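Reviewing the structure listed below.
The values are calculated or read from the model by the stated rules, or taken from the named source; none is laboratory data. Note that the coordinates shown come from a computational prediction; the quantities given were computed from them, not determined experimentally. Counting neighbours? That spans all protein chains shown, and the Cβs are built from the backbone with ideal geometry, glycine included.
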Amino acid sequence: MTPVLQDSLRTWSAAELVTAQDSAQTWLQAQGTRVLATLLDNGAAFVVLDEAASGAGLVHVPLPPFFTPAEIQHALQSAGVDTLLAPPAAAAAWPTLPWQAVTLAEQALCCARLPASGLPMPLGTAKITYTSGSTGAPKGVCLRQSALERVADGVVQALGPLGITRHLSALPFAVLLENVAGQMAARRQGATLITPPLAELGWQGSSQFDVATFHAAVLRHQPDSLILLPQMLRAWVGLLMQTGQRAPAGLKFVAVGGAAVGAPLIAAAQTLGIPAYEGYGLSEGASVQTLNLPGATRLGSVGRALPHARLRVADDGEIEVAGSLMTGYLGDATDSPEWWPSGDLGHIDADGYVHIRGRKKNVLISAYGRNISPEWVETALGQQAVIRQAVVYGDGEPSLWAVLWPVQNGTSDAALQTAVDAANATLPDYARITRWTRGRAAFSPETGYATANGRPQRTAILAAHADLRADLTEPLTP
């Protein structure tokens with residue numbers, strides 16, 4: 001019999017998983033749980049508790065493992081969490097909480113009962129996912145179960161012709177993209193959900209990724225599908241190019257999203273046997289909205305709308321989304337409109353493919369009056385082999401400048417300049433980088449230069465490198 005789930009400990013049949021869910025649901029109800037928070041690694045326990053919470057009509061707050069203690073505390077308090085479940089190692093970091101041992105889905109966990117006094121949440125909320133903006137505390141996005149299911153079903157319908165039977169979860173389940181388009185879609189499709197601990201897939205902490213470990217896991221598990229972040233795909237492409245390898249022949253579909261990808265990276269991946277396809281989504285729309293697909297793809301776009309989604313472009317170029325919207329933000333009584341302004345600028349071509357230009361709030365206006373999305377230029381820079389991260393500035397200035405972080409610390413200034421020149425060759429003159437400086441640290445949550453989901457903290461990076469701007473009056477030369 002084909003298993004429905006495979007973690008690091010065992011495989012689970014459909015009947016065994018249902019039994020575990022029923023047991024967990026009974027336990028949660030006996031606790032009087034209304035709002036459940038989980039701080040869990042990938043594995044059967046998360047899936048069981050996520051589906052048990054849905055079955056019991058509870059609110060589930062998945063806490064990403066990369067959240068800082070302050071962000072976790074904010075989420076617990078703002079959501080009014082009354083039951084927190086975590087493995088013993090994570091519980092040890094919160095020794096003042098009233099922990100009690102419990103075993104669920106054959107995993108030893110710790111449970112803490114908390115005073116429930118959070119912010120008001122919209123009626124019908126089934127899940128709260130916390131977005132990490134560029135400033136301030138994470139914002140709670142409240143989602144109905146029906147919206148989550150519409151998105152999962154839309155993914156299943158779109159991928160149906162591919163015959164996917166094995167999905168390997170390479171992102172944390174607490175990330176909405178993997179939770180909905182990976183976990184929920186695989187479960188509703190009847191595919192085997194392969195969910196080893198994240199460390200077995202190369203994740204080290206919140207922002208370190210060992211691509212060799214990841215590649216070995218893909219070879220070992222032989223999945224049909226994966227969901228990756230752009231930096232994961234970039235590292236995988238680099239490894240295969242350096243070692244002369246190719247992706248496993250049985251891999252059918254690799255969705256890539258979460259940030260700008262760029263056509264060159266997708267093309268490079270596909271030449272190495274990685275069936276990579278870019279998509280687009282947002283938390284307020286319960287995850288993925290558009291996706292390129294085999295036989296229906298356009299490089300440089302994020303694909304066409306999935307069955308559950310509708311997209312249009314406002315007069316100012318902002319993408320608006322409808323079809324699977326949130327109920328609202330936690331603590332905000334404002335009703336969600338029929339069409340949600342995504343904050344992303346772009347256009348929809350005559351064939352329905354969506355093209356994203358960048359974030360509306362990040363647009364730079366040069367001294368010559370040109371509107372420039374920094375993400376566009378940053379994507380061009382990030383396509384260069386020696387540049388891991390780039391953030392572009394130049395609002396009100398005659399030309400653009402950048403803070404760069406190399407793939408390797410020993411990369412010379414000459415090599416970085418060559419990479420900047422190569423990126424500039426793909427850009428019009430008004431969007432080219434004329435000045436740059438090397439970053440003082442990686443753009444990560446630990447350094448304060450990135451949000452928890454990897455978006456650059458532009459203000460923090462600018463402030464940290466302000467003293468170097470005097471040295472950027474002329475372009476650097478090799």
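Yes/no per residue for (1) buried (at least 17 other Cβ atoms within 10 Å of the Cβ); (2) in contact (Cβ under 8 Å) with a residue 24 or more places away in the chain; (3) assigned to a loop (DSSP other than H, G, I, E, B):
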| site | (1), (2), (3) |
| --- | --- |
| Leu265 | yes, yes, no |
| Gln270 | yes, no, no |
| Gly273 | no, yes, yes |
| Glu278 | yes, yes, no |
| Glu284 | yes, yes, no |
| Thr290 | yes, yes, no |
| Arg298 | yes, yes, yes |
| Val302 | yes, yes, yes |
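I'd like to know if the stretch 118-125 contains one or more residues that are in a strand (DSSP E or B), at pLDDT 95 or above, touching a Ser or Thr at 6+ places or on another chain (Cβ under 8 Å) and of a type in the set (S, T, N, Q). Before you say what the answer is, go through the steps one by one.
Going through the stretch 118-125, the residues in a strand (DSSP E or B) turn out to be none.
Looking for residues that are in a strand (DSSP E or B), at pLDDT 95 or above, touching a Ser or Thr at 6+ places or on another chain (Cβ under 8 Å) and of a type in the set (S, T, N, Q), one finds none in the stretch 118-125, hence no.
It is to be established whether one or more residues within the stretch 410-420 are in a loop (DSSP other than H, G, I, E, B) and either of a type in the set (Lys, Arg) or touching a residue at least 12 places away in the same chain (Cβ under 8 Å) (or both).
So far as the stretch 410-420 goes, yes, one or more of its residues are in a loop (DSSP other than H, G, I, E, B) and either of a type in the set (Lys, Arg) or touching a residue at least 12 places away in the same chain (Cβ under 8 Å) (or both).
Given (1) of a type in the set (S, T, N, Q); (2) at pLDDT 95 or above; (3) surrounded by fewer than 23 Cβ atoms within 10 Å (Cβ to Cβ), where does Thr68 come up short, assuming only one miss?
(2)
Quick one: is Arg440 surrounded by 20 or more Cβ atoms within 10 Å (Cβ to Cβ) and either closer than 28 Å to Ile72 by Cα or not hydrophobic (A, V, I, L, M, F, W, C) (or both)?
no
Tell me whether the stretch 243-255 contains one or more residues that are buried (at least 17 other Cβ atoms within 10 Å of the Cβ), of a type outside the set (Gly, Ala, Ser) and under 22 Å from Pro456 (Cβ atoms).
Scanning the stretch 243-255 turns up no residue that is buried (at least 17 other Cβ atoms within 10 Å of the Cβ), of a type outside the set (Gly, Ala, Ser) and under 22 Å from Pro456 (Cβ atoms).
What residue, among those in the stretch 67-102 that are touching a strand residue (DSSP E or B) at 6+ places or on another chain (Cβ under 7 Å) and without any contact (Cβ under 8 Å) to a residue 40 or more places away in the chain, is nearest to Gly448 (Cα to Cα)?
Of everything passing the filter in the stretch 67-102, Leu76 is nearest to Gly448 (Cα to Cα).
Counting only residues that are β-branched (Val, Ile, Thr) and either in a strand (DSSP E or B) or without any contact (Cβ under 8 Å) to a residue 60 or more places away in the chain (or both), which one in the stretch 304-346 is nearest to Pro122 (Cα to Cα)?
Thr334
Those residues that are surrounded by fewer than 23 Cβ atoms within 10 Å (Cβ to Cβ) and among the aromatic types (Phe, Trp, Tyr), I need them from the stretch 225-242; list them, please.
Scanning the stretch 225-242 gives no hits.
Under 7 Å between Cβ atoms, at least 6 apart or on separate chains: pull out the pairs that start in the stretch 357-384 with a residue that is of a type in the set (D, E, K, R) and surrounded by fewer than 17 Cβ atoms within 10 Å (Cβ to Cβ) and end on any residue that is outside any strand (DSSP E or B) and modelled with pLDDT under 90.
Every condition considered, the pairs that remain are Arg370/Tyr430.
Across the stretch 231-263, what is the number of residues that are touching a helix residue (DSSP H, G or I) at 6+ places or on another chain (Cβ under 8 Å) and either basic (Lys, Arg) or in contact (Cβ under 8 Å) with a residue 40 or more places away in the chain (or both)?
14
Would you mind telling me which numbered condition in (1) at pLDDT below 95; (2) farther than 16 Å from Val180 by Cα; (3) out of contact with any helix residue (DSSP H, G or I) (no Cβ under 8 Å at 6 or more places or on another chain) Gly57 fails?
Condition not satisfied by Gly57: (1).
Being of a type in the set (A, V, I, L, M), surrounded by 23 or more Cβ atoms within 10 Å (Cβ to Cβ) and touching a residue at least 24 places away in the same chain (Cβ under 8 Å) narrows it down to one residue among Val4, Val47; which is it?
Val47
Name the residue that is nearest to Ala247 (Cα to Cα), counting only residues in the stretch 203-216 that are out of contact with any Gly (no Cβ under 7 Å at 6 or more places or on another chain) and modelled with pLDDT of 95 or more.
The qualifying residue nearest to Ala247 (Cα to Cα) is His215.
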